[in-house]
Amino acid sequence: MAKQESMNLIEFHKKFQTEEACHEHLYKMKWPQGYCCPKC
């Protein structure tokens, strides 16, 4: 898993201007190569 970076509230709001941007970042952190079904 990727290393978390430290940021203050202002930096957070600049990086994640929408909830979708935050979701996309978390998705990429969890599955950097894209989602792959563990059963496949």
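Would you compute, from DSSP H runs of 4+ residues alone, the mean residue ellipticity of the chain at 222 nm, taking -39500 (n - 2.57) per run and dividing by the full residue count, rounded to the nearest 500?
The per-residue figure over the chain is -13500 deg cm²/dmol.
How much accessible area per residue does the chain have, counting only protein heavy atoms and a probe of 1.4 Å, in square angstrom?
104 Å²
Please report the carbon-and-sulfur percent of the accessible area for the chain; probe 1.4 Å, protein heavy atoms only, DNA, RNA and ligands left out.
Carbon and sulfur: 57 percent of the exposed surface of the chain.
For the chain, list the cysteines whose Cβ sits under 4.7 Å from no other cysteine Cβ?
If one checks each Cβ against the other cysteines of the chain, 22, 36 turn up with nothing under 4.7 Å.
Charges only on Cβ, +1 for Lys and Arg, -1 for Asp and Glu: so what's the dipole of the chain about the Cα centre, in debye to the nearest 20?
Numbers: 6 positive and 5 negative charges, 44 e Å.
Magnitude of the dipole: close to 220 debye.
Once phi is turned into ³J(HN,Hα) by the Karplus curve 6.51 cos²θ - 1.76 cosθ + 1.60 with θ = phi - 60°, what whole-Hz value does each residue of the stretch 14-20 show in order, with x for glycine and proline?
5, 6, 10, 6, 10, 5, 4
Computed over the Cα atoms, what is the radius of gyration of the chain divided by 2.2 N^0.38 Å, N being its residue count? Working shown, then result.
Working: Rg = 12.6 Å, N = 40, 2.2 N^0.38 = 8.9 Å.
Rg over 2.2 N^0.38 Å, computed on Cα atoms: 1.41.
Using the charge dipole of the chain (Lys, Arg: +1 at Cβ; Asp, Glu: -1 at Cβ; taken about the Cα centre), state which of 25, 38, 7 has its Cα farthest towards the positive end.
It is 38, whose Cα lies furthest towards the positive end.
The values are calculated or read from the model by the stated rules, or taken from the named source; none is laboratory data. All figures in this text were calculated on a predicted structure; none of them were measured in a lab. Cβ atoms come from the backbone with ideal geometry, glycine included; neighbour counts cover every protein chain shown. Quick note on the areas: whole protein, heavy atoms, side chains included, nothing else; ligands and nucleic acids left out. Shrake-Rupley method; radii C 1.70, N 1.55, O 1.52, S 1.80 Å.
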